[in-house]
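Reviewing the structure listed below.
The values are calculated or read from the model by the stated rules, or taken from the named source; none is laboratory data. None of the values given here were measured: they were computed from a predicted structure. Methodologically, a virtual Cβ is constructed for each residue, glycine included, from the backbone with ideal geometry; neighbour enumeration extends over all protein chains shown.
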Amino acid sequence: MDGATIPRSPSSSVGDYLKAIWESAEGGAASTKDVAERLSVNPASVTNMFARLRGMGLVEYERYRGASLTEEGLSEALRLVRRHRLIETFLLDHLGYSWEEVHEEAEKLEHAVSDRFTERLAELLGHPDHDPHGDPIPSADLSLAPEDLRPLGESAVGERVRVCRVSEDAGVLAHLGERGLVPGEELRVQEVRVLDGVVTVEDKDGVFHTLGPALAASIFVEPVGYGMG
Ligand SMILES: [Zn+2]
């Protein structure tokens, strides 16, 4: 053995595409449009990059069907997702970052740190399985257990639910954080207005929160039961 190892870390741009495909595909294929919107780039660049990623063996791509990750592409995406979510947890729990600041910082840092650093960080944090937004953290062997969550707006009136995950949008996070509507909190669903999607919930202190459809769609819950707890 001469110790020569091929650096396996893809460039940050390749990594960002793999993550964007993973995030928008949800197991299927990601369209050019979805990925272009997610990365704020024009669709022509996305088409070029899809072809490049196909050449690297990281995606399968057909023009009218979009791109889906190969096994290798999926591993690379999950490796970055693991880094991202561990870094976010670290920034929030140890460096005094606010809830809405961590994402942007983690976007930069995830490309700078090594796998070694990532695993030391996981050790320091006690191997958490969820990040501060409630997103699951892929394990060290890059597997991710499926979760069965649904948007708050799909709850039944009277149902008690636990907030498990909230969208990463900075504005949404600031707003929900202020109201204490964060992962782990239990709520009782008071009203779901079919007409406009407005949801009213009651928190553990008996405070009512009326949430517009965009906010309600940013909160993912699991049922806890019915009635007051
Ligand atoms: Zn994030």
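Just for region 117-172: of the residues that are β-branched (Val, Ile, Thr) and in a strand (DSSP E or B), which one is nearest to Phe90 (Cα to Cα)?
Result: Val166.
Consider Glu76 carefully, then state whether it is more than 15 Å from the ligand (Cβ to nearest atom) and either in a helix (DSSP H, G or I) or small (Gly, Ala, Ser) (or both).
So Glu76 passes the test.
What pairs can you find where one residue is in region 36-54 and outside any loop (DSSP other than H, G, I, E, B), the other is loosely packed, with under 15 Cβ neighbours inside 10 Å, and their Cβ atoms are less than 6 Å apart, with a gap of 6+ or different chains?
Ala36/Pro43
Looking for whichever is aliphatic (A, V, I, L, M), closer than 23 Å to Gly225 by Cβ and either in contact with a Lys or Arg (Cβ under 7 Å, 6 or more places away or on another chain) or within 16 Å of the ligand (Cβ to nearest atom) (or both) here; the options are Leu142, Leu176, Leu109, Leu181. Which one fits?
Answer to the selection: Leu176.
Take the residues in region 165-213 that are more than 30 Å from Glu104 (Cβ to Cβ) and among the acidic types (Asp, Glu), then tell me which one is modelled with the lowest pLDDT.
Asp196
Looking at Val102, Val41, Val81, can you tell me which residue is within 16 Å of the ligand (Cβ to nearest atom) and within 18 Å of Val14 (Cα to Cα)?
So the residue among Val102, Val41, Val81 that is within 16 Å of the ligand (Cβ to nearest atom) and within 18 Å of Val14 (Cα to Cα) is Val81.
How many residues does region 185-209 contain that are farther than 14 Å from Arg160 by Cβ and loosely packed, with under 15 Cβ neighbours inside 10 Å?
So the answer is 8.
Go through (1) over 17 Å from the mean Cα position of the chain (by Cα); (2) surrounded by fewer than 20 Cβ atoms within 10 Å (Cβ to Cβ) one by one and return the number of the condition Val161 breaks.
Only one criterion in (1) over 17 Å from the mean Cα position of the chain (by Cα); (2) surrounded by fewer than 20 Cβ atoms within 10 Å (Cβ to Cβ) is unmet by Val161, namely (2).
Name the pairs whose Cβ atoms lie under 9 Å apart, with the first residue in region 125-145 and among the charged types (D, E, K, R), the second in a loop (DSSP other than H, G, I, E, B), and 6 or more positions between them or separate chains?
Matching pairs, first to second residue: Asp129/Ile137; Asp129/Ser139; Asp129/Ala145; Asp131/Ile137; Asp135/Glu168.
For His127, indicate whether it is within 15 Å of the ligand (Cβ to nearest atom) and not assigned by TED's automatic domain parsing to the domain that holds Glu191.
no
Would you be able to say whether some residue in region 110-130 is touching a helix residue (DSSP H, G or I) at 6+ places or on another chain (Cβ under 6 Å) and under 20 Å from Leu39 (Cα atoms)?
Within region 110-130 (the criterion being touching a helix residue (DSSP H, G or I) at 6+ places or on another chain (Cβ under 6 Å) and under 20 Å from Leu39 (Cα atoms)), the answer is yes, since at least one residue qualifies.
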